[in-house]
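Trainee: For reference, the structure I am asking about is given below.
Where a number appears in this text, it was derived from the coordinates with a stated rule and is not lab data. Here the structure is a predicted model, which means the values were calculated and not measured. Heads up, the Cβs are rebuilt from the backbone with ideal geometry, glycines too, and the neighbour counts pull from every protein chain shown.
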Amino acid sequence: MKRRELLVGAGALGLAACAAPPVLPGRAQVVVIGGGFGGATAARYVRLLSQQRVDVVMIEPQPRFVSCPGSNLVLAGTRRLEDLTLSYDALTGRHGITWVRDEASAIDTARKRVTLASGASIGYDKLVLSPGIELMFDEVQGLRQAHDDGRLLQAWKAGPETLALRRQLEAMPDGGVFAIAIPESPFRCPPGPYERASVVAAYFRRAKPRSKVLVLDANADVVSKPALFKAAWRELYPGMVEYRPQHKAIGVDAARGTVRIELQDDVRADVLNVLPPMRAGALAVNSGLANAVNRWCRVNFIDFGSTAAQDVHVLGDAIQIAPGMPKSAHMANAHAKVAAAAIVAQLSGVAVNAHPVLTNTCYSFVDDANAIHVASVHEYVAAESTFKPVAGAGGVSAQRNEAEAAYAAAWAQNIWADTLGLAPGT
Amino acid sequence: MTSLHFGTAAWLALALAGAARAQSTADALQLRSLAATCAACHGTDGRAVAGAAMPALQGRSRDELLAQLNALRDGSRPSTVMQQIARGYTPAQLAQLAAYFAAPAP
């Protein structure tokens, strides 16, 4: 306890950045694996809701938080990756969270210990696992090799690949073709591929207007906001964006620049962005927590506790979703707050909230100045032990508009601050 | 016998006080969790990032907040997102939210 208070003190004095890395405690009341929208929010809200009484260790190997929301605009050339890159300093300095910059490599749910890549281990009373997704490259023949070679980029986890894909788009000659292949639902960020197609088209319209965007969708229709995206393609980019439903990518040939499509002819493109099927992050799968078809993690929705292990709470894109629940940053942030409140209640010996509520709003840009949204509110239905969208609530934009582009930018600022514990006034 | 009786009563009183405390802790957690559903767009505890297009909620009058939420809910105040969100909450939840954000910051 003393060591933790000393660390908190150092953070409060602004010394965290130059202090030695925190010593890994032998155990913590709450260990959080993952510093994305789910994990960071959970760490922050366990501290907030326990009035700083519960100690939290967050394990995240990346030096900084990089937001996936907004990263399609980096591909379009209207935002910089630096604008989406934020510090974890407020979580350590303002909120007293111990951040261990290491990767969790194994979970022993019976002994309640997490082993790190460095070989150290830490015990927990409660574990929060927010591992994000793993891209299943091997589901598309040739894709892993093409990705390892740097020829076919995913850029579905924002970071260096986002910049590399931007460079491929910049290098593409006018009159070229950009093809994005979308896996069967569910996948991370349902509107994301369609937003990507839209804002890349906006870039082409500006910089190389004879080029084309080809959307190869394994699904029967656009998965999110279909009417709004299709109206944008038709009206903003006539002849430029082509949408092909029921086009499932099953192989790639990077040298020839082709995608093999199930039951269809091969498709050639100058820049290929083939998104493979996704599943829960590898640690969840390897720990036996991905107990829904070995792909997603089943949870008890009242507290996001794993159905496979005691005192393990799984959040965000990694879970087997409830009806109408998107795999989104906003939803991961919402999961985290329900789980954090339940964990604080359980550690305090009081009843867990019987009526948790989740909200979700996903904004998508359709060009540089216009955005659309999908929103929903989800209530816990005890009789069915799941969340359901509240009937009569939720919906999408009436039409694309400029006001929602401003809201999208403000949403990002506010959810980043909420997730990372940033001071609101600066 | 008397002392035993007294002991039981004292224990019961303590237990009841503990139960009341636990109930108030659970209620406070539930209220703060409900308010946290607004935070992704309007800032933690309703304190929005300076200059953001979405308004801060913290410290506004309860009556004004509730009137706005009801107007958004029934559509008399036009909105892009908020009508769709406000309809997801019961009138009782909206009243709780208005009271929470009007109260001094926790």
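Trainee: In terms of the ratio Rg/(2.2 N^0.38 Å) built on C-alpha atoms, what value belongs to the range A:170-300?
Mentor: For the range A:170-300, the normalised Cα radius of gyration is 1.17.
Trainee: Relative contact order (percent) for chain A, with alpha-carbon contacts under 8 angstrom and 6 or more residues of separation?
Mentor: Computed value for chain A: 17 percent relative contact order.
Trainee: Dividing the alpha-carbon radius of gyration of chain A by 2.2 N^0.38 Å (N being the number of residues), what value is obtained?
Mentor: Normalised Rg, Cα atoms only: 0.99.
Trainee: Suppose a student asked you for the relative contact order of the range A:350-426, using Cα pairs under 8 Å spaced at least 6 residues apart; what percent would you report?
Mentor: Dividing the mean separation by the residue count of the range A:350-426 yields 26 percent.
Trainee: Could you pull out every one of the aspartates and glutamates with an alpha carbon less than 15 Å from that of A:Lys248, ignoring same-chain neighbours closer than 8 positions?
Mentor: Hits, sequence-local ones excluded: A:Asp138, A:Glu139, A:Glu184, A:Asp217, A:Asp221, A:Glu262, A:Asp265, A:Asp266.
Trainee: I would also like to ask the following. Using all Cα-Cα distances in the range A:54-159, what percent lands in each 5 angstrom bin from 0 up to the longest?
Mentor: Spelled out per bin, shortest first, that is 2, 9, 15, 15, 18, 16, 12, 8, 3, 0.
Trainee: So, in nm, how far is label B:Ser76 from label A:Asp265 when the simple model puts each one 7 Å beyond its Cα toward the Cβ?
Mentor: Output for this residue pair reads 6.1 nm.
Trainee: Taking the DSSP beta bridges in the protein assembly as shown as the whole, what percent of them are antiparallel, to the nearest 5?
Mentor: Taking every DSSP beta bridge within the protein assembly as shown, about 55 percent pair in antiparallel fashion.
Trainee: By a straight-distance test (C-alpha under 14 Å), which aspartates and glutamates pair with A:Lys157 as possible cross-link partners, with residues fewer than eight away in the same chain excluded?
Mentor: A:Glu134, A:Asp317
Trainee: So, one more: What nm distance separates the two modelled labels at A:Arg53 and A:Arg167, each placed 7 Å from Cα along Cα→Cβ?
Mentor: With each label point 7 Å from Cα toward Cβ, the separation is 5.3 nm.
Trainee: Then there's this: Output needed for the range A:277-426: three equivalent-ellipsoid semi-axes, defined as square roots of 5 times the C-alpha gyration tensor eigenvalues, in descending order, whole Å.
Mentor: 29, 18, 17
Trainee: Is it possible to state the helix-based mean residue ellipticity at 222 nm for chain A, with each DSSP H run of 4+ residues giving -39500 (n - 2.57), the sum divided by total residues, to the nearest 500 deg cm²/dmol? What is it?
Mentor: Result for chain A: -9000 deg cm²/dmol, rounded to the nearest 500.
Trainee: For A:Ala354 and A:Ala227, what does the FRET efficiency come to when R0 = 35 Å and r is the distance between their Cβ atoms, rounded to the nearest 0.05?
Mentor: That gives a FRET efficiency of 0.40.
Trainee: With 10 angstrom as the radius, rank A:Ser287, A:Ser105, A:Ser50 by how many other C-beta atoms surround their C-beta, starting from the fewest.
Mentor: Lowest count first: A:Ser105, A:Ser50, A:Ser287.
Trainee: Continuing with this model, one more query. Nearest 0.05, what FRET efficiency do A:Thr307 and B:Thr25 give at R0 = 25 Å with Cβ-Cβ as r?
Mentor: 0.40
Trainee: If the chain between A:Leu347 and A:Glu242 were fully stretched, how many nm would it gain, using 0.36 nm times the residue separation less the Cα-Cα distance?
Mentor: 32.4 nm
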